[in-house]
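Heads up: the structure comes next, in structure tokens.
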Amino acid sequence: MNAQSAVKEQEPANRHGNLRPVEQRVLTIAVAGNPNAGKSTLINAIAGSRLHVGNWPGVTVEKKEASFEYQGTKIRLVDLPGTYSLSPYTQEEIIARDYLVEERPDLILNVVDATNLERNLYLTVQLMELGIPVVMALNIYDEAQAKGYRIDVAQMEKMLGIPVVPTSATKKTGLDQLLQVAVSGEKSPQLAVPHQLNYGEDIEAAAEFIAGNLRTSAPALLERYPSRWLLLKLIEGDAEVRKATNLTEETLLPEALHHLRRAHGEDLEAVLAEVRYSLATGLTREVLKKPELPRTEVTEKIDRIVLHRVFGIPIFLAAMWIMFKLTFDVSKPLADWISSMIAGPFKHWAEALLGLIHAPEWTVSLATDGVIAGTGNVLVFVPMIFAMMFFITFLEGSGYMARAAFVMDRAMHAIGLHGKSFIPMLLGFGCNVPAIYATRTLENPRDKALTALLVPLMSCGARLPVYVVFIGAFFPKNGGTVLWSLYVMGIVLAIVMGFIFKKTLFRGDAPMFIMELPPYRVPSFKSLMIHTWEKGKHFLVKAGTYILAVSIMVWFLLNLPWGVEHKRDSYLGQVGAAVAPALSPLGFGSWEASSSLIAGLVAKEIVVGTMGEIYVKKAEEKKAEKPTFAQDLQTAGSGLVKALGESVNNVTSTFGVSSLSTDEDAEKLAERTPLREELKKQFTPLAAYAFITFVLLYMPCVVAAVAMVHEFGTWKWYGIAFGYQMVLAWSMALLVYQGGKLLGFGG
Amino acid sequence: MNLAVLKPGQKGRIVSIGAIGPLKRRLMDMGVLVGEEVKVVKVAPMGDPIEVYIKSYNLSLRKNEAEGIAVEVLA
């Protein structure tokens, strides 16, 4: 055993040592900058399709990376989250600084907004404390020039001691020069080593005192961390650093800090922030000349209309209406086409192929109803996810997202949410899946989680067919009122649950709304496409795998044991029968009802299909002529053309007369009279209402569940959503049924 | 006077910041510092939050966050 493992251990060493040439060193460049400084656009312009989008480990913050070669140097670009500072309070800031301090990149590429120099330089000052070479991209330089700003770049380089390259990521100017400087910095690193800025006599003295102290008591710390940064953080009283270094005020630094406090006040964190800002202000004053008379800016003009006291809200609602319609109406024909392809030609072809090799019947069913249908389940979401991602990225890139939050915050804050929560909640009415992904626009993890927990209470499009069948059967006269009541119930319960969560799960968290309202900008189309594509791909690969797996599991549940005569004997029927007693106080304690509800796990509209299969004795399978391969191809082609035509049509109709297809759907569903007649025998009207209440509220469908797990990287929030929704659905249905009986609406 | 009661168009100079912890640090990181000049630009349609102009950019914050920021009114 021992000998064997020894040999194994030696192997890799040999391979590296003798067989392979020494790996060429990779230049790791961390890209840091304020939000809205054009960092994403710059990275997209440099790296383009080589960009890989993922998440920082353990958190929901996006991580972008790209590896490529520039003039013979291998470069790894790591995009840090956009931050205003390196303080330890927000997730983004902690990620950025942990990366810089722990991973020690070879170079920091600091993207600075030239039109907003002072606040951007505040971060630059902090980056310069890290002892890592810095190269500055003075971005949005074209806009600054157009505004009449004159920036003395040479003076800036002299004062900071780092190369400064004017760039415009949207116009793609200066990017080559920027990379050139970054690469040449590699050959003579001292070129980009920032000056040590003077933080004032008192602070420098305290830093020197602590440094002297550390050199004797804990020299390892000075090795492990960038020393300048460590000293300043210790003075600031940075909680994370104190914890990591095990240094308390009493053990190491009392005298030094006493003096500082006497001279500058108790809050040393504030003192340091002021010193850093005054450095940024001083630098700005030296290098920036602004025109005497600033013109009224475009942003101001737009805001005068968009944030208008009277028109602001209508304009916002109109924008949301357009986004909602475009997201769901444009993607719907394509999604329908995909599902018809899956149910039609693909299924036929698979059946034909399996028929050729005489595969047993159950494998044919597994392949078509399990695997292919499951793949379809994933694919139908793709157009919607792409459309949603496109609009969200557009709203963020243009600067309107911040305004949307500004306009809606009062109302959303009242129920414990953030102004930006409105968009995910709204999308939830179309489909909960893109809605959950849309929570990524919320920076604060608390706001994000709370929003995602409440999204499933927004009645999505997949629940509508269930309502329609029951309304058609039981409430044909006042269907509108019943339907309306369900949507309102969802919203009211979201408000109630928001309040409860605020007081329980999220007690003590103090959310903030301190947010920049950036100038409006036209987002770069390339940037938009790259982002949309990366996100869509991510969904397809990561979430798709899970959804497929669950679909196959459900197939087993539905179809095994193979060959049962009666649905009651399938695993689904058995589980349904076991669960049924728990549902009988709600008025629908039959195995048929509970089995249908369980099948709704895949997607809530499946409840209807399953009920159809269970309740209505299926007419003899029609022996329809199977279409030929050529016919299938033809249908597929013309179907796609038709779908694309409808998509385009829906774009135009969004701005004109509504073309909602609900009427059509309603008619179609009303046609299924056999199911309606059967339901009338099985349910009382009161039980029917309790049942659709239950469908509104119970567990999110499997795709929404996967979205939640995927987006948050943990099962925690899905677990909570599942639990509270089940309890809520059960109690509300109970309230409806038992309360209704008490009020004399019949049992 | 605190920042939350200024009318749109009014300017003030920050005298003190009453906030503590993360809120205070966040305000400081955004350039809301003692001595800084700040102008209220807009109030949101529903009356909260507000938009201010500070350090040559536009910042929005809720009224309850602005209440802790004491200002002396300028012009």
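The values are calculated or read from the model by the stated rules, or taken from the named source; none is laboratory data. Predicted, not measured: the structure shown is a model, and the values here were computed from it. Reconstructed Cβ throughout: ideal geometry from the backbone, glycine too, with neighbour counts over all protein chains shown.
Can you pull out every residue in segment B:2-17 that is more than 12 Å from chain A (Cβ to nearest Cβ), touching a Lys or Arg at 6+ places or on another chain (Cβ under 9 Å) and either among the acidic types (Asp, Glu) or exposed (fewer than 14 other Cβ atoms within 10 Å of the Cβ) (or both)? Passing the criteria: only B:9. One residue alone among A:575, A:608 is under 24 Å from residue A:457 (Cα atoms), hydrophobic (A, V, I, L, M, F, W, C) and assigned to a helix (DSSP H, G or I), and that residue is A:608.
Filtering segment B:18-50 to residues that are at the interface with another protein chain (Cβ under 7 Å from one of its Cβ atoms) and of a type in the set (Asp, Glu) leaves B:29, B:48. Kindly indicate the residue of segment A:386-443 that is of a type in the set (Asp, Glu) and under 26 Å from residue A:63 (Cα atoms) and also farthest from the other protein chains (Cβ to nearest Cβ) among those meeting that condition. Of everything passing the filter in segment A:386-443, A:396 is farthest from the other protein chains (Cβ to nearest Cβ). Out of all the residues in segment A:353-374, is one or more hydroxyl-bearing (Ser, Thr, Tyr), at pLDDT 85 or above and either surrounded by 21 or more Cβ atoms within 10 Å (Cβ to Cβ) or part of a helix (DSSP H, G or I) (or both)? No, because not a single residue in segment A:353-374 is hydroxyl-bearing (Ser, Thr, Tyr), at pLDDT 85 or above and either surrounded by 21 or more Cβ atoms within 10 Å (Cβ to Cβ) or part of a helix (DSSP H, G or I) (or both). For segment A:511-527, what are the residues that are more than 14 Å from chain B (Cβ to nearest Cβ) and crowded, with 20+ Cβ neighbours inside 10 Å? Those that are more than 14 Å from chain B (Cβ to nearest Cβ) and crowded, with 20+ Cβ neighbours inside 10 Å: A:524, A:527.
Based on what the data block shows, is residue A:98 assigned to a helix (DSSP H, G or I) and touching a Ser or Thr at 6+ places or on another chain (Cβ under 6 Å)? Reasoning before the result, please.
On the way: assigned to a helix (DSSP H, G or I): yes; touching a Ser or Thr at 6+ places or on another chain (Cβ under 6 Å): no.
Spelling it out, it is not the case that residue A:98 is assigned to a helix (DSSP H, G or I) and touching a Ser or Thr at 6+ places or on another chain (Cβ under 6 Å).
Considering segment B:57-75, the residues that are in contact with a helix residue (DSSP H, G or I) (Cβ under 6 Å, 6 or more places away or on another chain) and at the interface with chain A (Cβ under 7 Å from one of its Cβ atoms) include one that is farthest from residue A:312 (Cα to Cα), namely B:57. Taking the criterion of being touching a residue at least 24 places away in the same chain (Cβ under 8 Å) and more than 22 Å from residue A:374 (Cβ to Cβ), the only residue of segment A:534-581 that qualifies is A:534. Report yes if residue A:476 is surrounded by fewer than 20 Cβ atoms within 10 Å (Cβ to Cβ) and either among the aromatic types (Phe, Trp, Tyr) or at negative phi (or both), otherwise no. Answer is yes for this residue. Residues of segment A:217-273 that are within 14 Å of chain B (Cβ to nearest Cβ), more than 36 Å from the chain's Cα centre (by Cα) and surrounded by 14 or more Cβ atoms within 10 Å (Cβ to Cβ): A:264, A:267, A:268, A:271.
Yes or no: segment A:459-475 includes at least one residue that is closer than 22 Å to residue A:723 by Cα, among the aliphatic types (A, V, I, L, M) and away from chain B (no Cβ under 14 Å). Scanning segment A:459-475, I find at least one residue that is closer than 22 Å to residue A:723 by Cα, among the aliphatic types (A, V, I, L, M) and away from chain B (no Cβ under 14 Å), so the answer is yes. Within segment A:407-423, residues that are assigned by TED's automatic domain parsing to the domain that holds residue A:512 reach partners that are basic (Lys, Arg) and part of a helix (DSSP H, G or I) with beta carbons closer than 7 Å, at six or more positions or on different chains, in the pairs A:416/A:502. For residue B:32, the conditions (1) in contact (Cβ under 8 Å) with a residue 12 or more places away in the chain; (2) farther than 20 Å from residue A:278 by Cα are fulfilled apart from (2). With respect to (1) at the interface with chain A (Cβ under 7 Å from one of its Cβ atoms); (2) in contact with a strand residue (DSSP E or B) (Cβ under 6 Å, 6 or more places away or on another chain); (3) of a type in the set (Ser, Thr, Tyr), the lone exception for residue B:53 is condition (1). Restricting A:451, A:439 to those that are crowded, with 24+ Cβ neighbours inside 10 Å, under 21 Å from residue A:507 (Cα atoms) and touching a residue at least 40 places away in the same chain (Cβ under 8 Å) reduces the list to A:439. In the set A:87, A:67, A:49, only one residue is touching a helix residue (DSSP H, G or I) at 6+ places or on another chain (Cβ under 9 Å), within 14 Å of another protein chain (Cβ to nearest Cβ) and of a type in the set (Gly, Ala, Ser); that residue is A:87.
Identify all residues within segment A:90-106 that are more than 19 Å from residue A:227 (Cβ to Cβ) and either more than 11 Å from chain B (Cβ to nearest Cβ) or modelled with pLDDT of 95 or more (or both); write none if there are none.
Passing the criteria: A:91, A:92, A:94, A:95, A:96.
Each residue in segment A:208-240 was checked for being closer than 24 Å to residue A:100 by Cα, part of a helix (DSSP H, G or I) and in contact (Cβ under 8 Å) with a residue 40 or more places away in the chain, and 7 pass.
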